[in-house]
Every structure is written in C-alpha cells, then in structure tokens.
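S.K.: Input: one structure, supplied below.
Derivation of every value follows stated rules applied to the coordinates shown; laboratory data play no part. Just so we're clear, the structure is a prediction, and the values are computed from it rather than from any experiment. Cβ coordinates were reconstructed from backbone atoms using ideal geometry, including for glycine residues, and neighbour counts include every protein chain displayed.
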C-alpha cells in the first residue's frame, strides 16, 4: 500500500487531521501553489459544538459532518487520504501512516485530542466518551436501548439503574449534554414511554472543581448552575470519580451512584504520535511548540490546535484553552507563516484574539461572554444559534440544521429516535482492517530498523 | 424480565413485527377496544422500497425510518416492546420472547423474511445483504471504505477487486441498487475520486433466471435490461453463483469475478419461529395459512405479509408475491376479520387486488404496470416518485424526502458520503445483550420442560 500521490514540482504540505485547525490551513493554502495532502482517520470533517445534539437524538449525524472529498472537490492541489499517523521521521522528512509512507516539505500536526481516562481501566472500558460523531451515535443508541430495557425490569431499583445518567466533567460538553438530556426527560419520556416514571430518571453532573465551566467567568458558572438545577439536574461539585464497578459510579467520598449510562467528558489528552518522545509533551500530553507553532527540535514540523501547547506566550503561560477559535486562528497564522517562509520572510508569532465563549443549556438558555460583556438567558441563546449556524459548513447543512432547529423549537417531538447499527459489512471491514493493521505494524518495524 | 403490561379487561392482540403488515393491523385496530402489544426487534418501522437509496448514500436512514413509539404516541391501547419472538405455545395462548412471556387472545405473526443464502456458508459470511436499513448503512460504509482503499493499491488488479461490484439477484432490489450504484459511478466518482479510473469500476448484476424482474411482464424486464445496459451495468442472465472464495464470486460455468463488494439480494426465507415444526412451513420457509390467514391447526394464531404462504387461493396457487401491497391488504383484511370474530360473524377470505407494480432504475428511468397499462421511462419514474412519497409515513419525512429528491435532481452531488460507525456504547450494549440472550435461552428451556 502507498498513498499513490505523484510529487510533481510543487512543495508538499502534509496535514494530519482535518478538524478546525487542519481544515483552515488546507483552505488557506489550497490555491498557493503547494501540493496539500490531508490525512484523517475519518472521511469527513466534524463539527464538535453540536455533537451533543446527536447524542440526544436531536440532530442528524450528517447535518454536522462534511465529507473531505466534497469540501475539496474543486481543489486540484488537495489530496485526501483516509489514514492514521503512525510515526514521524523529521530527519528524513517522512511520516509513516497506516497506508504507507509519505514525505513532506512541511508537516502540520493537527490531530486534536482523545478522551483522557486518567489511567482508570474500568472507567476506560465502561464509560462512554462523546468527542466524535461516532461516539455520540453510540451514546444515543445506548440511551434509547436502556429506556427500552427499563420497561422490562422487575424492580424499581433495576429500572433506576437503567434510567439514571451520570455525566462526569463540568466543562461545556458536560453542561450541554446534561441540559439536552434533561429536556429529553421532560419532553420525550412522558410521550414516548408512558409506562415509565420519569422521576426515576436522575441526571447527575459531576465536577471535580468547585464550579462548572471553569474556562468562563464565575458569573457564567453560577448562571449555568442555576439553569441546570432548575431543569432538575443534580449538579455535584468538588466530587471526584474514582472508579466504576458493578454498574456503579464510585466517588472519592465513599458514596456511589447506580447507572448504566455513564458519560465521561472529563478531560482530553493530545493525540498520540507513535514515536514521539515524552520530552516533546507538555501538560495534557500536548505537543510543545514555540510561538510559531514549530515543534521543538524538528525542522519544518508544526503542530496546531488542541494537540499543541504553545510555550512562551506571556498572556497564556499554561498554553491556550482548547477551543475552536484558538485552532482556527492558529491555522490561519500558520498558513500565513508558511507563505512567508516561502518568500524568505520571518514568521510571525501566534497571538490569540479572544472572541468570547459561550455554552448552551437548553431552549432559551445559554451563557455568552465577549470581553467585558456577559450575557445569559434568551439573548445568549439566540446568539449561540447564530454563531454556530454561521460557522457550519455548506449551504445544504445550514438549511437542514436551521430547519431542524425551527422544527424543534415549535415541536419538541423529534422523529430521530431510532437505534441504528450498521450491520455485517462492518464486521467484514473491521476484520480486514485488523489484518491490515498487522501488516502496517510490520511495515513500521521495518522502517524503524532501517 | 417481563413485558410489564397489565392485562386489564380488554382482549389482547399480540403482533410480532411492525412492517407494512403488522403496522396496518395495529393502526386499524388501535381504536377498537383491544389491547395491542406490538413486538419488533427494532424500535422503528422501516420503509423497504427506499432502502437501496441509503446503500448508495443518497438518503438519510432517518428519512425512511419511523420510531414505533412516535407512531403510537397518542394510542393509549398500543404497547410497544423491543424484543424478538422465541417460541409460540398455542395451547397455552402464550409466546416466549427475548424479554419474557406474554399471553394473547389473538396472535398475529408478521415478522417478514430474512435473506436466504441457500445454505452456502461462504456466501453467508462474506456477502452483504440489503434487507434492512442497518444492512444498507453497513453496505454504504463498505462501498465508501473500499473506494478509499482502492486509491492506496499498488496494482490495477487490486484496485479492480475493490472497485468491482457484484450484485446477485435480478429482482426489484437488485435492479434498483445496480442502477443507483451505476449513477454513483458516473456522477460521484469523477468528482470525489479524481485519482481513480472510473472504468475500473464494473457493476455486475447476476440473475439465475432468464430475465430481470421475473415478477413483472417480459416487456418491463426487457425495458429494465435495456436501461441498465445503457448505464453500463453488466447484466448476466442464466448465471448461477456457487461460491465466494478469496474475494472472488464463483459461477457455475467455471468463471469468476473478483470483488470485495458482493451484494446478495437473491432470495428470502420466512422469519424463523423457534419451536414451529417444518410441517407448518411451505415454499421459501413461509408459514402456511388458510385463506383467512390462520395458521393451520392453531387457534387464534394468524400470519400475514411476507412471512406467510396463503394456501387454497385458485388465482395464486403458489402463494402471493412478497410485496408491500399484499402485506398491507392482508393486514387490512385480518383487522376486519378479527372485528367480525368479536361480533360472532364469519371471517372473509383474503382476496389480493393487484394495484400494479413498479421498479426504478435511476433518474427518469423506471417501469410500471397497472393491470393492462405498461409504462417505462420518465412517466413511470414520476409515478414511482409520487406513489412512494405518498406512502411514506409522517409529514416531516415526506418533506425531508421530497427536499432530498428535488435537491438530488438538480444537484447530483450529495453530501451524505460519511463512513459512520456508532462506537463503544455499542460494544457494551452488545456484550450485555449476549449475556441476556444466555439468560433468555435458559428461560426458554425451562418453559419447554414445563
């Protein structure tokens, strides 16, 4: 196997990861005379701010996903390959991927993060993460299947275990999924499951720190907490989850909560690059870069977005927050810097311009902050809608998402609550992929011996 | 586990299977003073005529799927349970399901059919069926993943194996999927995969008989064959598939076709009921019923739709064709008969009224037959659209499907080509389901010993 891309006379930029950061670089440079090779493990770009809507069966997965080949259909210089990065060889200006080797003139690492289970094996194998559209689809299926099973239980205790939801992590994702599942409890449950007592469904949001949305102001934290409590969410602050055993979430204070719907959105770790030594990693396993997003000690290798940790910025001594805006701005700056390098000019350091942040808790409820302006409630919610609708890719998706939202607003009662599970072909694909992985592994070892 | 449904003073009708037939009975009787228990292995009704559109990434799975709980939200007498039928005990008027036992006054079997691999184990484990939305989603993922992999091949031979599509079975489903994949080849491939030579993608439609659409007139067969050949589909008639080995479809004449996309729509078998003896089964493993759809020798047990074989109808000595219209009309007739039984009246035999049949091959291309009128081409295609749009459930879905179609008509270029695979939560669910199945098995054996 190989990537099958002829080099030609253009310089080649290999971008690993087509999230907000990687996509921005590709878009900014696609007409700049480079050959761009975009590598991603999925064949589509996803829109993380709305993933929680998929988890609650409120939105189509396809409304927030965009096939790369479609995005770059008219860009002859952009080559997409579905693959995973295995190793980087900066001395040879070469990377090893799951589908073969490819050399580069510039390498851009933008592979984002994965869920961090902090080494707890029980939690890792049983908790459900919610970072990707695929994970959200799995979570949606689990929630619906647990509701169906709850009806057949002999005892209220068993029922409660299936109905309870425990969300660990009080960041934006945790807050949003708690809000949307609480809406589901109050609007969908009484209609679709008249046999179930909705009061048996308790939603817990557990946060180890002393407030929700630690990245926003204390006022916003307080507003969000107030919204959630009003909606019936049990917000538990200063609580550490230590384990998950026998369908029970164990807390450090000795108490536990029985649940089969255990959602883990508590932390992330920078995506792992096979042969990158720990000397390159900083807080949260993020790859350390200088203020130009250059990986230390590697020529022409950059890292941007959630995967990187910018060192040396006085305003952000601990690195930047892992937000879409940071990723987009870093992508923009890097694209400009690569163009400057080609012209023999000096690069410009990355400077984060905080455009504000927001989180939504449900219909008419959100918080938003723009420098000194803080909002909460309906106005913040409308702003949240507009900002997210604007940034969604593609006319068709904007229309579909807006129709979905309007429909939802006047009609709580969505029709998306199907338990879908792609069958059979997948098992064959997975088996073949496993065989291929073995092959790739050998390939990789060969490479390392050379 | 149990179904947890209080009997009350109403007579109980248990319906197994929520396809066209079962859904019709439930809808016709939901206001007739019965308690209706609907059992299905999925939590949604699916619309088979459009499943092929999902396989080709042309339509959302959710546009042709309808959650049962939503359908019956306002029907207090209808209870839905997601479960599978294990055994029938007509003497006790009781069935055993995957979630426990339930007794009935009337039992309606309407579980449809499953794909028939005619005992060929290699074909069964490697071929992709396309009877359900889930299977179509799997097939879509496989086609897209094979395209991605084809790009990375070292040789044209390997590429061809990944690009070739072999469809076995020249019925309506085979014809429709051949047509839609041929459209994909000509419209999507050149845009999305400029690196691939579309001429390497060969689509084969293999039929054992001497014409396509054996259920329609020879004129329609000829028209469809002409359409498909014009679109570049290799139609192979009078060819038997004997095996699948080393990614090659083996034919009885000794030849073979290399492919990794091996679609099997060649035949169906009536869904199996655990403890039903072979004396009850007729052609195609269908359950033999009399002209009132009563299962022979069983009191108050009926079977309707594709799962049954009506014996004794002079006009259809070999049983009725397995079509949506037959299922719907049998459901209607059975609902009326159950009402008549309650009033002490005699049942009326089922009489199939042939409303015509149709199949589509692609944009502007279809065949349709209504008694003596036969059509093909654009008029038949528009008729196909109207008939199917009319029969799709739900306003939202009608709107979505129509928008999708209009959008598609003017813009070949859909954005649905994502490889989605619900993650993690599913593995947990599947493991728990396996554990539960063991438990159910024990339960079932206990029952049989009693």
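S.K.: What number, rounded to the nearest 500 deg cm²/dmol, is the helix-based mean residue ellipticity at 222 nm of the protein assembly as shown, given -39500 (n - 2.57) per DSSP H run of at least four residues and division by all its residues?
M.R.: -11500 deg cm²/dmol
S.K.: Per residue of B:57-63, how many C-beta atoms from partner chains lie within 10 Å of its own C-beta, taken as a mean? Let's see the in-between values first.
M.R.: On the way: counts 2, 0, 0, 6, 7, 10, 2.
If you average over the peptide's residues, the count of other-chain Cβ atoms is 4.
S.K.: Let me know the shape class of the range A:36-94, please: from the alpha-carbon gyration tensor, a ≥ b ≥ c as square roots of the eigenvalues, rounded when a/c is under 1.5, otherwise prolate if a/b is greater than b/c, or oblate.
M.R.: Values: a/c = 3.95, a/b = 1.80, b/c = 2.20.
Since a/c reaches 1.5 but b/c is at least a/b, the shape of the range A:36-94 is classed as oblate.
S.K.: Taking the label point as lying 7 angstrom from Cα along the Cα-to-Cβ axis, what are the distances from residue B:91 to the corresponding position in the remaining copies, in ascending order and in nanometres?
M.R.: Copy-to-copy label distances for residue B:91: 8.1 nm.
S.K.: Measuring label to label, 7 Å along Cα→Cβ, what does residue A:73 give against each other copy in nm, shortest first?
M.R.: Its label point is 3.5 nm from the equivalent points in the other copies.
S.K.: Rounded to the nearest Å, what's the spacing between the alpha carbon centres of the range B:150-174 and the range B:36-86? Just the number, please.
M.R.: Result: 31 Å between the Cα centres.
S.K.: Roughly what % antiparallel, to the nearest 5, for the DSSP beta bridges in chain A?
M.R.: On the way: 33 of 65 bridges.
The antiparallel fraction comes to roughly 50 percent.
S.K.: Compute the distance from the alpha-carbon center of the range B:285-326 to that of the range B:93-122, in whole Å.
M.R.: Here the answer is 15 Å between Cα centres.
S.K.: Shifting gears a bit: Which Cβ of chain A lies nearest the axis of the rotation superposing A onto B, and at what whole-Å distance?
M.R.: Its Cβ sits closest to the axis: A:60, 3.
S.K.: Next question, about the same structure. What number do you get for the range A:1-145 when its Cα radius of gyration is normalised by 2.2 N^0.38 Å, N = residues?
M.R.: Working: Rg = 17.2 Å, N = 145, 2.2 N^0.38 = 14.6 Å.
Normalised Cα radius of gyration, the range A:1-145: 1.18.
S.K.: Right, next: What is the range A:236-313 by shape, rounded, prolate or oblate, if you read a ≥ b ≥ c off the alpha carbon gyration tensor as root eigenvalues and call it rounded for a/c under 1.5, prolate for a/b larger than b/c, and oblate otherwise? Walk me through the intermediate numbers first.
M.R.: On the way: a/c = 3.69, a/b = 2.91, b/c = 1.27.
Prolate shape, in that a/c is at least 1.5 and a/b is the bigger ratio.
S.K.: Separate question: Would you mind ranking B:128, B:347 so that the residue whose beta carbon has the fewest other beta carbons within 10 Å leads the list?
M.R.: On the way: B:128 24, B:347 18.
Going from sparsest to densest Cβ surroundings: B:347, B:128.
S.K.: Could I have the simple spin-label model distance between residue B:238 and residue A:222, label points 7 Å from Cα toward Cβ, reported in nm to one decimal?
M.R.: 8.7
S.K.: Order of A:264, B:381 from fewest to most other C-beta atoms within 10 Å? Walk me through the numbers before you get to the answer.
M.R.: Values: A:264 26, B:381 21.
Ranking A:264, B:381 by Cβ neighbours within 10 Å, fewest first, gives B:381, A:264.
S.K.: Next up: Taking neighbour counts of Cβ atoms within 10 Å as a proxy for exposure, in what order, fewest first, do B:388, B:191 appear?
M.R.: Values: B:388 18, B:191 13.
In increasing order of surrounding Cβ atoms, one gets B:191, B:388.
S.K.: Taking every residue in A:36-43, how many Cβ atoms of other protein chains lie within 10 Å of its Cβ, on average?
M.R.: On the way: counts 0, 0, 0, 0, 0, 0, 4, 10.
Whole-number average of other-chain Cβ neighbours for A:36-43 is 2.
S.K.: Calculate, for residue B:187 and residue B:314, the FRET efficiency according to 1/(1 + (r/R0)^6) with r their C-beta to C-beta distance and R0 56 Å; round to the nearest 0.05. Could you put the intermediate results ahead of the total?
M.R.: Values: r = 48 Å, r/R0 = 0.86.
Efficiency for this residue pair is about 0.70.
S.K.: Further question: Tilt of helix B:172-192 relative to the longest C-alpha principal axis of chain B, in degrees (0 to 90, nearest 10)?
M.R.: 40
S.K.: Here is a further query. For the protein assembly as shown, what is the percent of antiparallel DSSP beta bridges, rounded to the nearest 5? Can you show the working numbers first?
M.R.: Values: 66 of 130 bridges.
Percent antiparallel among DSSP bridges in the protein assembly as shown is about 50.
S.K.: Once you compute Rg and the Kirkwood Rh from C-alpha atoms, what is the Rg to Rh ratio for the protein assembly as shown? Display every interim value, and only then the final one.
M.R.: On the way: Rg = 28.9 Å, Rh = 29.6 Å.
Rg/Rh for the protein assembly as shown comes to 0.98.
S.K.: So, one more: Of all alpha-carbon pairs in the range A:121-266, indicate the percentage at a distance above 17 angstrom. Working shown, then result.
M.R.: Numbers: 6283 of 10585 pairs.
Within the range A:121-266, distances greater than 17 Å cover 59 percent of Cα pairs.
S.K.: Sorted from shortest, what are the nm distances separating the label point of residue B:290 from equivalent points in the other copies, each placed 7 Å from Cα along Cα to C-beta?
M.R.: 9.2
S.K.: Summarise the partner chain shielding of A:149-158 as one whole number: the mean count of Cβ atoms from other chains within 10 Å of each residue's Cβ.
M.R.: Details: counts 7, 1, 10, 12, 4, 4, 0, 0, 0, 1.
Mean partner-chain Cβ count within 10 Å for A:149-158: 4.
S.K.: Here's another thing I want to ask about it. Relative to the longest principal Cα axis of chain A, at what angle does helix A:20-29 sit, 0 to 90 degrees, rounded to 10?
M.R.: That works out to roughly 30 degrees.
S.K.: Once the Cα atoms of helix A:133-151 and of chain A are each reduced to a long axis, what angle between those two axes, in degrees from 0 to 90 to the nearest 10, is obtained?
M.R.: Once rounded, one gets 20 degrees.
S.K.: Would you calculate the volume per residue, in Å³, of the smallest convex hull containing every Cα atom of the range A:63-169? Before the final figure, lay out each step's value.
M.R.: Details: hull volume 18.4 nm³, N = 107.
Residue-normalised Cα hull volume stands at 172 Å³.
S.K.: Tell me whether the range A:198-256 comes out rounded, prolate or oblate; compute the Cα gyration tensor, take square roots of the eigenvalues as a ≥ b ≥ c, and use a/c under 1.5 as the rounded threshold. Present the calculation step by step, with values, prior to reporting the outcome.
M.R.: On the way: a/c = 3.29, a/b = 1.39, b/c = 2.36.
It is oblate, given that a/c is not under 1.5 and a/b is not larger than b/c.
S.K.: Okay, next question. May I ask for the distance between the Cα centers of the range A:231-271 and the range A:341-393, given as a whole number of Å?
M.R.: So the separation of the two Cα centres works out to 29 Å.
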